[in-house]
Amino acid sequence: MSTNRRGPRDPSTLEDDELKLASIRSPSVNNSPVLISKVYNTEYEKALFETSLNPWSRRAFKLYLIVMVGFLNAVSSGFDSSLMSGINAMDQYLDYFHYSGLGKSTGIVFMIYIVGNCVGSFFAGPITDLASQISAFGRRGGMFTGAIFILVGSAVIVSAHNINAFMGGRFILGFGIAISTTAAPTWITELAPPQWRGRLGASYNSCFFIGSIPATGAMVGTVKMNSTWAWRLPLMLQIIPPIIITSFVWFLPESPRWLVQKGKFDQAKNILVEYHSNDGKTNPIIELQLREFQESIEAKKAEAFWDYRPLFSTKNRRWRMLCLVLMVNGQLAGNGLITYFLPAMMQNAGVTSKQRQLVYNFANSVLSAFGAFTGAAITDKIGRRRRLYFGSFALACLLTIVGALSAKYGEVGNSNINGANASITFIFLFGLSYSFTYTPLQALYCAEVMSQDMRGKGMAVHILVSNCAGFINTFANSVGLGKLGWRYYFVFVGWDFIASILWFCFGVETHGRTLEELDEVFNAHWPARESTRKVKVAVKEGGEVEAL
């Protein structure tokens, strides 16, 4: 069999994702020069050491372009969050619908989108897993279906002349985004080479800001218009991602794992050879994946597409679902205050100019994007679990400072400009830290902890749970900020401290293994502890990896 192998590698050229801890040279093991290291899985490490995958090759760039279509599903989500935050500060919008910036009415407008998300999540799993007679309908079909609903919802919102039509459009938009954001991260995680899974998967959710930044930038310009086009024009931006998705999705490769699950092994192998190699030939990583696919994925008659009970049928599956549900901490970290109510936080900090609030909203999006893409870039180096429990603790500390500064310098009539600026600075630092900690991992981690047959429905549950928490970030936050002001921040301070403890005790590290190898971790007595256990290995000069 022709393989994409290579000669012995200089250990100094190995990447951090190939040697999981700082390694030290040892003179010899059995008189052979070696590199001593600690790794999560020796079989995966050996295949990784023997496989060359060039990130600058033609095939690699082709893969990047392909997954970028999937990234556009996150862009759609980013548009809505930032648009509604900024539009909620526009007098043209508030006067047209006779609303104030805070209160129950505003909370309902935000909440109806969450309702659409929740309803859509019940359909997202079955649509993403669907194996109909049309062989092309799989993960890609979920992205296509979601994009159609997003297009319809956006059209209704932009053309709305009364609040009922506006809220109806937001419901349809939320419904579509629930389906697309279930299918897209599932597809990207399953398609990506294991050594790039962290970077590509984390980049997906970070593309939230590719929608957020143009949306906030557009509103800075349109806020000066003395008509409803001040808020209608920015809302029109939402149609761009779904148009591109519907135009190109059927030209993309299907998830190889989904194909194997449906008994289409040859098609899956062809996709792996095309996108997981430099030369279109098989290699040790491809061989390992195919072997693990066959061992862990039974090509059998699927369970009823509407039945979610198998997600909780065994201890292994229940712990996987626990890890998935823990990501709700990312929705309760205080990020909702910034995502939807940054203008209100700015007002609490002493900034009352609508134009200045929108400029700060734009600046915060740019800074948060930097944090998210930085976090995505190093995901394959620092892992997941440690970032989540340290990051949650840091967020609690930063939000405490924001609350304290807002209490002292955010009162009406405050003349201490430096104090108000300090409040704004720490709001931005909170957004930066949140984006580094949670944004890259929210979709990636949930897709990773699911087994193949659980992933479609599991990601739908993730959308449902996240949007149940989203009720707090919309309706409750609107009322809480309106009545309590900065004091409301401390509700989330407490939750962030709790989240740090939960991640430490129950979070499973997914870094350093293929998706199939995680099954052994979740079968352990305490998977969180088992996932941190590493094996000491010797990487010999000839490329052989041996457990010591």
* Asked: So for R487, R197, what's the accessible-area order with a 1.4 Å probe, most first?
  -> R487, R197
* Highest mean first, what order results for 478-486, 503-511 on Cβ atoms within 10 Å? -> 503-511, 478-486
* Roughly how much of K315 is accessible, in Å² to the nearest 10, using a 1.4 Å probe? -> 90
* **Between the range 399-469 and the range 349-396, the Cα center-to-center distance that results, in Å** => 7
* Structure fact -> Sequence order, the range 421-430: Karplus ³J(HN,Hα) from phi using 6.51 cos²θ - 1.76 cosθ + 1.60, θ = phi - 60°, Hz rounded, Gly and Pro as x, gives 5, 5, 4, 5, 4, 6, 4, 5, 5, 4
* Please work out how much accessible surface R199 shows to a 1.4 Å probe, ignoring ligands, DNA and RNA, in Å² rounded to 10. => 70
* **Theoretical gain in end-to-end length, M236 to N421 [0.36 nm per residue, Cα-Cα removed]** => 63.3 nm
* E295/F61 FRET efficiency (R0 35 Å; Cβ-Cβ; nearest 0.05) -> 0.65
* Asked: Among K46/K281; K281/K315; K264/K381; K408/K483, which pairs are too far apart, with a Cα-Cα distance over 29 Å?
  -> K281/K315; K264/K381
* To do: Work out from phi, with θ = phi - 60° and the Karplus expression 6.51 cos²θ - 1.76 cosθ + 1.60, the ³J(HN,Hα) of each residue of the range 66-77, listed in order in whole Hz, and give x for Gly and Pro.
  => 5, 6, 4, 5, x, 4, 5, 5, 6, 4, 4, 5
* Compare I463, I498 by solvent-accessible area with a 1.4 Å probe and give them largest first, with all protein chains kept in place. => I498, I463
* Structure fact -> Sorted by chain and number, the residues with a modelled amide H under 5 Å from that of R384, at a separation of 5 or more or across chains, are T510, H511
* Asked: With every protein chain present, what accessible area does F175 have (1.4 Å probe, heavy atoms only), rounded to the nearest 10 Å²?
  -> 30
* **Amide H contacts under 5 Å for S531, placed H, 5+ residues apart** => E509
* **Amide H within-cut-off set for T514, under 5 Å, with H built and near neighbours excluded** => none
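The values are calculated or read from the model by the stated rules, or taken from the named source; none is laboratory data. Bear in mind the structure is a predicted one, so any value in this text is a computation, not a measurement. As a convention, Cβ positions derive from the backbone with ideal geometry for all residues, glycine included, and neighbour counts pool all protein chains shown. Accessible surface is based on the protein model in full, side chains and every heavy atom, while ligands, DNA and RNA are left aside. Shrake-Rupley method; radii C 1.70, N 1.55, O 1.52, S 1.80 Å.
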